[in-house]
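Worksheet: one structure, shown below.
The values are calculated or read from the model by the stated rules, or taken from the named source; none is laboratory data. Model, not experiment: these values are computed from the prediction. Glycine gets a Cβ as well: all are built from the backbone with ideal geometry, and neighbour counts include every protein chain shown. Surface accessibility is based on the protein's heavy atoms, side chains included, excluding ligands, DNA and RNA. Shrake-Rupley method; radii C 1.70, N 1.55, O 1.52, S 1.80 Å.
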Amino acid sequence: MTRPATLPAPAPALATGLGRRGPSAPELCVDLDAIAANCRLLAGRVRGDLMAVVKADGFGHGAVAVARTAVASGATWLGVTALSEGLALRDAGLRVPVLSWLNPVGADFGAAVRAGVDLAVPSVPHLAAVAAAAGDARTGPARVHLHLDTGLARDGASPEEWPALCRAARLAELDGRVQVVGVMGHLALADVGGPSANAAGRAAFERGLQVARAVGLRPRHRHLAATAATLTDPATHHTMVRVGAGLVGIDPSDSTSLRPALTLTAPVVSVRQVPAGTGVGYGHAWVASRATTLALLPVGYADGLPRAATGRAEVLLGGRRCPVVGRISMDQVVVDVGPGSPVAPGDTATVVGTGRDAAPTAAEWARWARTLEHEIVTGLGSAPLRVLRRFSPDPTWSPS
Ligand SMILES: *Cc1c(COP(=O)(O)O)cnc(C)c1O
């Protein structure tokens, strides 16, 4: 992780002071109010537990900040892929149950047991490694969730391996080495959503639960749905849902209006007048058809702007949408602000916005780049040298 985990609270002037003589560097801001609102909406759709999935550094929004906001807004569990992410949540003082579901057999499962991080177990070798790391008088049993592959051929035990995994887990339970507190699956057609898309995955999960019960397991937490199924198919909810994208305003099912949370602004470095016929950037991919004014912004694909959006991207500058012209470079883009534009060095462009003003959203950038919003927000959030300023509903809050 290239970004410091601890950041100062935003100064009020910076939180509002966009515009001329604005910030002197690109800034990625996270609207925690939006995350809180999304979390409350999602929690209102389920009767059981809501797990806030904060993998990939909270989808680029800051895992600890998103986790804290979610826990204050109805989430009762936290979920991550790698164990190290779960340990970081514990180190940050988060006390709610945490589940980590994607680890190699050689991971430090003892650390998970000591930190009270639940582990998903997708295979008999994983179970053996977890059991070996737990079950002494000091640690007590490891809390595990058996992970069934319900249709992705990805993580989780295949339906063929599942009965053996359940039997082995029951034996390890009787040994006092593990406690099977949960069973999880994941739906293949997450971006489609809706009951018909989920029918096969739902049925596979039900069969898996029957097998687990038949060998004597009594998993309290049964979880299958992610954001799309949470919003569109209550039959998938079981005792808990796991939502990540929805927290940060992405609805893969396109059924619900959620609030995006990221804003990327960049200061204008320089402005120049150019005559018709001026080629811009590498390869002169764009040539001015008229005399115009060009503004230079110090952000590019190293900051997570997809180069594939070249030729389609726009930014909000000087109160209007202006096209990004020429190829998107590693660290800079050129904007055509039009002939006679009053835009000046030091003005602030909104490159990605939350949809509250005319700035393009991450969803729009995703369309321009022919990709998913998920890839845009995680790309922006993992950029090096980024100053993250987190807006908070609570002025006394600081993301320590
Ligand atoms: C990422 C992930 C989720 C969350 O999915 P969203 O669509 O982002 O809500 C849930 N479960 C698993 C196993 C995941 O990998």
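Numbers at a glance
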| quantity | calculated |
| --- | --- |
| Search result, residues across segment 354-367 that are buried (at least 21 other Cβ atoms within 10 Å of the Cβ) and either more than 16 Å from the ligand (Cβ to nearest atom) or of a type outside the set (A, V, I, L, M) (or both) | ALA359, PRO360, TRP365 |
| Selected residue (criterion: nearest to the ligand (Cβ to nearest atom)) from residues of segment 233-244 that are of a type outside the set (Val, Ile, Thr) and surrounded by fewer than 21 Cβ atoms within 10 Å (Cβ to Cβ) | HIS237 |
| Among the candidates ALA285, ALA295, ALA266, ALA313, residue that is touching a Leu at 6+ places or on another chain (Cβ under 6 Å) and more than 16 Å from the ligand (Cβ to nearest atom) | ALA266 |
| Test: residue in segment 222-230 that is of a type outside the set (Gly, Ala, Ser), closer than 27 Å to ALA52 by Cα and in a helix (DSSP H, G or I) | yes |
| Selected residue (criterion: most open to solvent (accessible area, probe 1.4 Å)) from residues of segment 324-341 that are within 30 Å of the chain's Cα centre (by Cα) and hydrophobic (A, V, I, L, M, F, W, C) | MET330 |
| All positions within segment 380-389 that are at pLDDT 60 or above and open to solvent by less than 20 Å² (accessible area, probe 1.4 Å) | LEU380, GLY381, ALA383 |
| When residues of segment 114-135 are limited to those that are part of a helix (DSSP H, G or I) and open to solvent by less than 20 Å² (accessible area, probe 1.4 Å), the one farthest from the ligand (Cβ to nearest atom) | ALA131 |
| Unmet criterion (only one of (1) within 13 Å of the ligand (Cβ to nearest atom); (2) in contact with a helix residue (DSSP H, G or I) (Cβ under 7 Å, 6 or more places away or on another chain); (3) open to solvent by less than 10 Å² (accessible area, probe 1.4 Å)) for HIS223 | (2) |
| Any chance ARG356 is among the basic types (Lys, Arg) and at pLDDT below 95 | yes |
| Among (1) assigned to a loop (DSSP other than H, G, I, E, B); (2) surrounded by fewer than 19 Cβ atoms within 10 Å (Cβ to Cβ); (3) of a type outside the set (Val, Ile, Thr) - the single one ARG321 does not satisfy | (1) |
| Sole residue being of a type outside the set (Lys, Arg) and buried (at least 20 other Cβ atoms within 10 Å of the Cβ), chosen from ALA313, ALA344 | ALA313 |
| Test: SER257 is open to solvent by 50 Å² or more (accessible area, probe 1.4 Å), free of Cβ contacts under 8 Å to residues at least 12 places away in the same chain and not in a strand (DSSP E or B) | yes |
| Those residues of segment 101-113 which are outside any loop (DSSP other than H, G, I, E, B) and either outside the structural domain of HIS223 (by TED's automatic domain parsing) or over 15 Å from VAL178 (Cβ atoms) (or both), in sequence order | ALA111 |
| Those residues of segment 71-89 which are open to solvent by less than 40 Å² (accessible area, probe 1.4 Å) and not in a loop (DSSP other than H, G, I, E, B), in sequence order | TRP77, LEU78, GLY79, VAL80, LEU83, GLY86, LEU89 |
| Verdict on LEU247 being part of a helix (DSSP H, G or I) and buried (at least 18 other Cβ atoms within 10 Å of the Cβ) | yes |
| Members of segment 90-112 found to be under 27 Å from VAL243 (Cβ atoms) and open to solvent by 20 Å² or more (accessible area, probe 1.4 Å), listed by number | ARG90, ASP91, ALA92, GLY93, ARG95, VAL96, PRO97, TRP101, LEU102, ASN103, PRO104, ALA107 |
| Any pair with Cβ under 7 angstrom, 6 or more apart, that starts in segment 313-328 at a residue that is farther than 18 Å from VAL274 by Cβ and ends at one that is part of a loop (DSSP other than H, G, I, E, B) and of a type in the set (S, T, N, Q) | ILE328/THR310 |
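Listed here are the residues, each with its yes/no results for (1) more than 16 Å from the ligand (Cβ to nearest atom); (2) in contact (Cβ under 8 Å) with a residue 40 or more places away in the chain; (3) open to solvent by less than 20 Å² (accessible area, probe 1.4 Å); (4) assigned to a helix (DSSP H, G or I).
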{"residue": "ASP155", "(1), (2), (3), (4)": "no, yes, no, no"}
{"residue": "PRO159", "(1), (2), (3), (4)": "yes, yes, no, no"}
{"residue": "ARG170", "(1), (2), (3), (4)": "yes, yes, no, yes"}
{"residue": "GLY182", "(1), (2), (3), (4)": "no, yes, yes, no"}
{"residue": "LEU189", "(1), (2), (3), (4)": "no, no, no, no"}
{"residue": "VAL192", "(1), (2), (3), (4)": "no, yes, no, no"}
{"residue": "ALA197", "(1), (2), (3), (4)": "no, no, no, yes"}
{"residue": "ALA203", "(1), (2), (3), (4)": "yes, no, no, yes"}
